[in-house]
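Visitor: Below you'll find the structure I mean.
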Amino acid sequence: MRSHRQAGLARLYGATALACLFACAVPTAPALAQQITAKPVPSGSQMLLAADTLVYDNDKHTVTAVGGVQIDYGGNKLVAQRVVYNRDTKRLVASGAVELINSDGTKVNSDHIDITDDFADGFLNALRVETIDKAYFAAESAERMGGVLTTFHNGVYTACEPCEDKPDKAPTWRVKARKIIWNGEKKTVRFENSNFEFFGFPLAYLPAFEIADPTVKRKSGFLIPGIVYN
């Protein structure tokens, strides 16, 4: 009986929160292909590389760093157990407890990252993202474009901080989506084929909707929930 009552209360409160969210909703057009240009790395920036072992392959034009790898460049920091840098393609392939800290303070943890040496474009697997504003993304995979547009596949988004004792426990609310598009240039987060969950209980299927990204809350001091949907 208690579990049924808890589920009922969760649905009631969640439905109320969702209703408030949609009270500010306005229609929007379908998402279109976007052209993103990477921001240039500050002039004079040098790539600093530290590792236990460095192996240079002049035939393949690669540098392999193994053990305690740390790369600093243009305000970005990459830490991993192994990184292979291709001097021809100017790409870094990192694996083993990878952590990328962007110049804006956003932290990305992943099993595997394949990214350009300016940290603007790349592919990531099994990743978690924590923004400086304490918003959280997680996904099976993601692509990054221009350093400002990230597309998450089979992802989750929430603004609820994980419980230290039970990090896998469902947060107060979260959105699970087939695709999440975070546009740092337009300051928006778009969800496609998504489900809104409250304390782990699915409340509503949402084909597509869009909210302001975490930086908007930081700038305004208080963010009234607003959604655009189609």
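The values are calculated or read from the model by the stated rules, or taken from the named source; none is laboratory data. As the structure is a computational prediction, the values presented were derived from the model and not from experiment. For neighbour counting, all protein chains shown are included, and Cβ atoms are generated from backbone atoms with ideal geometry for every residue, glycine included.
Visitor: For the range 67-90, what are the residues that are basic (Lys, Arg), surrounded by 16 or more Cβ atoms within 10 Å (Cβ to Cβ) and touching an Asp or Glu at 6+ places or on another chain (Cβ under 9 Å)?
Guide: The answer is Lys77, and nothing else.
Visitor: Do we have Leu203 as surrounded by fewer than 20 Cβ atoms within 10 Å (Cβ to Cβ), in a strand (DSSP E or B), at pLDDT below 90 and in contact with a helix residue (DSSP H, G or I) (Cβ under 8 Å, 6 or more places away or on another chain) here?
Guide: Yes, satisfied.
Visitor: Could you please give the count of residues in the range 131-182 that are closer than 21 Å to Asn102 by Cα, free of Cβ contacts under 8 Å to residues at least 40 places away in the same chain, assigned to a strand (DSSP E or B) and of a type outside the set (Gly, Ala, Ser)?
Guide: Adding up the residues that qualify gives 11.
Visitor: Would you check if there is a residue in the range 32-45 being at pLDDT 75 or above and outside the structural domain of Asn193 (by TED's automatic domain parsing)?
Guide: Checked the range 32-45: no residue is at pLDDT 75 or above and outside the structural domain of Asn193 (by TED's automatic domain parsing).
Visitor: Determine whether Val129 is farther than 23 Å from Asn76 by Cα, outside the structural domain of Ala97 (by TED's automatic domain parsing), among the β-branched types (Val, Ile, Thr) and out of contact with any Gly (no Cβ under 7 Å at 6 or more places or on another chain).
Guide: The answer is no for Val129.
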